[in-house]
Structures are given as C-alpha cells and as structure tokens.
Amino acid sequence: MLTDNELINRCLLKDPRAQELLYRRFAPKMYGVCLRYAGNEGEAEDILQEGFIRIFNNLQHYRFEGALAGWVHRTMINTAINHYHKNLKFRKESELNENLLVATIHPDALSFLSRDELLQVIRTLPIGYRTIFNLYAIEGYTHREIGAMLGISENTSKSQLSRARNAIREILTKQMKIEQNGRVSSNR
Amino acid sequence: MDEYHPIDRKFREAFDGFEQEPPERAWNRLRNHVRLEPAEHDFWSKVIALHRTHPRSVRIAALVTVLLLIVVLTVIRLTSRDYQMIHGSAWAGEERLCRGTAYLFKVDDKILPYDTVRQYQSVPINEKGQYCFPQVEPGRYLLQVSPDETSAHSQTFIPSWFDQRSPKESPKLIEVIDEDLMINLILRQR
C-alpha cells in the first residue's frame, strides 16, 4: 500500500491510477462530510466533486505539516463553506425545509435517533444554521474561527448556533406530536 | 465546541468517523475535470516532483549542499595548475615606477581581425614598482604598463608595451604555457 508521500508524488506526476487511488482513499469520509453540509445528496456530490478538484489542483502546495487526511478534510470544509457563500443569497435564512421531514424519524428522545435520522434532521435546517452547527458542534471550531471563515461576527455565530439547536428541538417536538396523534387516532 | 450540550454531543458522537461510499458517477464526473495527462517519467519531472514532496528542511539541505559543491569546484578550478602567474617590476629609467597599472591583453587568433586583442586582466603597481597577475590561463598575451596620472613619472614616461623599443616595432608576445613567468618592463620616455 502506498504511503501518503508516495501517493502525492505520483499524483503530481499526473499518474491516473494514483489520482484514483487518492480519491478512493478519502472519498467515503469526505462524502460523509459533504452529506452533513448539503441539503440533499445531489448537493453533496457537487461539493465532493468541487472539493476533490481543489485537492488535485492544490496538491503541489501541500506542505507536509500534519497528516494528508487532515489537509484533505480542511480543503473539503472550505469547499462546503464556499458552497454556503454561493447559496446563502438564494435562500431565506429562517425557512425550515419541512418537506424533508421524514415520517419514519423515531419520536423518542434524542438518544434513540439513528445516524440517518440525525442526518435528516440536519438537512432540514436552513443552510446558515446547518453550516454553523456543523462547524461548531461536529468539527469543533470556535465561534471566533467560524466568524473568520464565514465573514460574520462571533455574536452572530453564537446566535445562529442557538437558533440551530432550537430548530432541532422544534423538529423533534413536531415529529413527536405527529406520532402521538397517530397513536391516539389508531387507538380509537 | 460545547462538550456538555446534549444536542452537540449526540451529533458529534453519531458522525465521528462517519463514512459513506459516494455513487460511482461522482468519480466518473470528477475524472473528466482532473488533468489526467500521461505521466512524464523523464528525469527532470521526477526531480521536480521529488522537490515538491519532500519537507522544506530536506529541500534546504539539498540546496546548501549543491551551493557548497559549486564553491568547492570553483576553488579547485581556480587553484589548479592550469593557471600560471606573471609577475615582475616596471622601470621608469633607473627608478622603479612608483604608481601605475599593468594590463594583460589576450591575443585570440580565432577572432577577426587576427591582430585583435582584448583586455584580459589589470592589476595595480605597488610603491615598489611591482605587479602580479596571479591567475593567468594558458595563451598568448601582450603586457602594457601605464604610469598613474598623479605620478611624477607620468610627466616623463608614456604607457609602454613589453619589449617594444620603438613605435614602429610590434610588442613582444608573451606565451603562457605551464610555468610562472617573471617579466620586467621598461617604460619609454616621451
């Protein structure tokens, strides 16, 4: 199995097999990242493609500071943020995409939700809430870092995060009520 | 990140290490965008690729090594016995010339016209009337000495070629082969 250095070296020599190998090595994890930032799978594929184009074009600038996986991950997140900037102006910030609510989401407490259900919940969020929630809660960036990445203030990042959490609660509460009403109706 | 917020914690734990295989069409679309020219395996392409992939410290070390090698080879070249020394004294009458400049002109028969010379080196003449060309490569030369304008000898003596007793005569050629030469030059009077 090729090391990261050997893989990079061959990719810089434009070896098609090395390029595919690099893609196959990192694509599953990066697609998982893209699915969290995108509103649907089509968008996730777009972000994935754009991210890997950036990776191949900027590979010559990789300075071997830290693991290659970390560099690839950061590049993909930057691509997702770029996607956020491009799409923000086309969407209303406060609009929840309730059409994506799936009836099969388990109505119990948060701890019983599966990963797929949590992914559906994230996708329901508006793009701004979704991006900041991903960056803070899952990637672990501070509000200061998020502010610098998105071009917003720290306070805006904090308030957006708070609204994202409230929106998640709202989604889960609505789903619980739907399920409860369904049980009451069936018991009659 | 807020480790204690239950929502944050739940999502973080759920997506830690999360992977999903993208559809194959994602790679098919990507490969059309990425430059996939056949790899060039010539020597310099590999050197450039290796240069890019090695850490900065390795690249700096390699550069310093190359520079040192160049310096060492240059020193060896300059100190090799391919070069000879031409030295001597310049005389103004019965006195040594006190201030002036000695010039070496190289004769190159490959350049037209065949009597063309070009200035090769110049050195100052010290207070004892002595000059020295330490590194002269093999070839044919003409030697000229010129008194400094501020020197008292410049009033009486003119710039003169080695062994040219009169303006009608050609100066004598100096042939440098494989040994040092000592040549004394006598300036002609005005």
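State whether one or more residues within the range A:55-73 are at pLDDT 90 or above and polar (S, T, N, Q).
The answer is no, given that none of the residues of the range A:55-73 is at pLDDT 90 or above and polar (S, T, N, Q).
Note down all Cβ pairs under 6 Å where the first residue falls in the range A:132-145 and is more than 8 Å from chain B (Cβ to nearest Cβ) and within 16 Å of residue B:6 (Cα to Cα), the second is buried (at least 20 other Cβ atoms within 10 Å of the Cβ) and of a type outside the set (Ser, Thr, Tyr), and they're at least six residues apart or on different chains.
If the second residue must be buried (at least 20 other Cβ atoms within 10 Å of the Cβ) and of a type outside the set (Ser, Thr, Tyr), the pairs left are A:134/A:36.
Would you point out which residue out of A:19, A:60, A:49 is at the interface with another protein chain (Cβ under 7 Å from one of its Cβ atoms), in contact (Cβ under 8 Å) with a residue 40 or more places away in the chain and not hydrophobic (A, V, I, L, M, F, W, C)?
Of A:19, A:60, A:49, the one residue that is at the interface with another protein chain (Cβ under 7 Å from one of its Cβ atoms), in contact (Cβ under 8 Å) with a residue 40 or more places away in the chain and not hydrophobic (A, V, I, L, M, F, W, C) is A:60.
Among B:90, B:26, B:102, B:39, which is the only one that is surrounded by 10 or more Cβ atoms within 10 Å (Cβ to Cβ) and modelled with pLDDT under 85?
Going through B:90, B:26, B:102, B:39 in turn, just one is surrounded by 10 or more Cβ atoms within 10 Å (Cβ to Cβ) and modelled with pLDDT under 85: B:39.
Which members of the range A:110-161 meet the condition of being out of contact with any Phe, Trp or Tyr (no Cβ under 9 Å at 6 or more places or on another chain), aromatic (Phe, Trp, Tyr) and surrounded by 16 or more Cβ atoms within 10 Å (Cβ to Cβ)?
If the condition is that a residue be out of contact with any Phe, Trp or Tyr (no Cβ under 9 Å at 6 or more places or on another chain), aromatic (Phe, Trp, Tyr) and surrounded by 16 or more Cβ atoms within 10 Å (Cβ to Cβ), then A:129, A:136, A:141 are the ones that fit.
The values are calculated or read from the model by the stated rules, or taken from the named source; none is laboratory data. What you are looking at is a predicted structure, and each value in this text was computed from that prediction instead of being measured. Counting neighbours? That spans all protein chains shown, and the Cβs are built from the backbone with ideal geometry, glycine included.
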